[in-house]
Amino acid sequence: MKKQFDKAFENVVRLRIMSVLMVNEEYDFNSFKELLEVTDGNLASHLKSLEKQEFITVQKSFVGRKTQTTYKATPSGKEAFQAHLSFLENLIKENKN
Amino acid sequence: MNTPQKELSEIKAIMERSTRFISLSGMSGVMAGIYALIASALAYYWVYYPNSPFGFRISYVNDEQILLKLIVTAIIVLVLSVGTGIYLTKKKTQKNNTKFWSTTSKRFLFSLFIPIIVGGFFTLALILRGYLIIVAPATLIFYGMALLNASHFTLSDIKYLAYCQIALGILSAFFPGYGLIFWSLGFGVLHIVYGITMYLKYDR
């Protein structure tokens with residue numbers, strides 16, 4: 001079971017980002033910032049690392065004159081998250097026995 | 001690391017918070033109800049006075065002047081209610097330090113207003129065709145369906161308000177002539193009850 005523990009989700013901010021992207025088709029940078037209450041730099045570095053792992057994709061667009069960066073979970077990102085959930089569920093089961 | 005139970009419940013909480021608009025003001029429900037009751041009183045005065053609203057009408061709603069007055073009043077109530085709702089909700093988001101115009105609020109408003117707009121046009125068609133007897137049930141049912149639709153994107157308590165509006169709408173369809181009573185119960189009394197409940201539960 002141990003091998004299913006994904007390093008990517010060790011960090012709580014990354015875990016939360018993926019949680020949000022599991023239930024939202026897409027989510028933008030500012031909404032993330034507001035929801036997770038983290039600084040720009042902190043959020044950006046976690047998003048970057050998830051992007052590097054190809055768990056999320058990034059899309060930049062213009063809203064008026066401002067750029068808006070939106071994020072989506074990739075199929076492999078969703079799979080990894082599901083695996084992490086089952087890992088947690090298994091831990092709970094094991095603790096019960 | 002957190003215990004797995006704690007981590008799972010946190011994941012669930014963040015999923016909830018990221019999809020629902022939770023800053024809807026309870027007080028705005030109360031205000032909408034009060035506007036609706038005032039409008040109902042006016043309508044009663046125009047249509048029934050001095051008879052009881054359960055009795056016979058003095059003037060008929062097909063009288064074009066009265067019909068126009070009623071429609072204008074309904075529109076004023078709608079605009080006032082939405083306006084007050086926006087104002088109070090904006091104040092609440094400022095207090096909670098969240099944004100009023102966000103992904104979640106947009107989703108909530110879209111899911112609420114698409115059925116309302118459809119219902120509005122449908123009701124307009126009913127009025128133009130002269131099916132006045134079915135206007136109160138139509139507005140109540142469409143509004144209830146709109147609330148039910150929007151309940152997925154805000155605090156889910158609102159779905160009880162939705163069920164009550166739909167039930168009232170169906171009832172009123174089978175009791176023609178009592179539209180005004182059902183209308184003031186639905187848009188007036190139910191809003192006030194819901195608003196006070198939400199205020200006590202979340203806003204204090």
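The values are calculated or read from the model by the stated rules, or taken from the named source; none is laboratory data. Here the structure is a predicted model, which is why all the values come from computation and not from measurement. Neighbour counts run over all protein chains shown; Cβ positions are idealised from the backbone, glycine included. Surface areas here come from the heavy atoms of the whole protein model, side chains and all, with no ligands, DNA or RNA. Shrake-Rupley method; radii C 1.70, N 1.55, O 1.52, S 1.80 Å.
By the rule of a C-alpha distance below 18 Å, with chain neighbours fewer than 8 residues away ignored, the lysines paired with B:LYS106 are A:LYS33, B:LYS90, B:LYS91, B:LYS92.
Counting every pair of alpha carbons in the stretch A:2-91, the share spaced more than 16 Å apart comes to 52 percent.
In chain A, which helices (entire DSSP H runs) extend 15 Å or more along their own long axis, judged by Cα positions, while averaging at least -0.5 on the Kyte-Doolittle scale? Please report the intermediate quantities before stating the final value.
Details: long enough: A:12-23 (17 Å, 1.91); A:40-52 (18 Å, -0.79); A:75-96 (32 Å, -0.65).
Counting only whole DSSP H runs, the qualifying helices are A:12-23.
Seen against the Cα atoms of chain B and their longest principal axis, helix B:64-96 is set at about 20 degrees. Spin-label model, A:GLU25 to B:LEU171: label points 7 Å out along the Cα-to-beta-carbon direction sit 3.9 nm apart. Each label point was placed 7 Å from the Cα along the Cα-to-Cβ direction; for A:SER49 and B:TYR199 their separation is 4.7 nm.
Which value, in nm² and rounded to one decimal, describes the direction-averaged projected area of the C-alpha convex hull of the protein assembly as shown? Walk me through the numbers before you get to the answer.
Values: hull surface 81.3 nm².
Here the figure is 20.3 nm², rounded to one decimal.
Projecting the Cα atoms of B:SER23, B:ILE38, B:CYS164 onto the charge dipole of the stretch B:13-169, computed from C-beta unit charges around the Cα centre, puts B:SER23 farthest toward the positive end.
Counting only heavy atoms of the protein chains, get the accessible area per residue of the stretch A:2-91 (1.4 Å probe) and round it to a whole Å² value.
Values: 5130 Å² over 90 residues.
About 57 Å² of surface per residue is accessible.
Suppose R0 equals 41 Å; then what is the FRET efficiency for B:VAL82 and A:THR57 from their Cβ-Cβ distance, rounded to the nearest 0.05?
E between B:VAL82 and A:THR57, to the nearest 0.05, is 0.65.
Between the helical axis of B:103-129 and the longest alpha-carbon principal axis of chain B there is an angle of about 10 degrees. In angstrom, the C-alpha Rg and Dmax of the stretch B:142-200 are 11.8, 36.
Comparing each chain alone with all protein chains together (probe 1.4 Å, DNA, RNA and ligands left out), the residues of the stretch A:83-97 losing at least 40 Å² of accessible area are A:LEU88, A:ILE92. Over chain B, the ratio between the Cα radius of gyration and 2.2 N^0.38 Å evaluates to 1.16.
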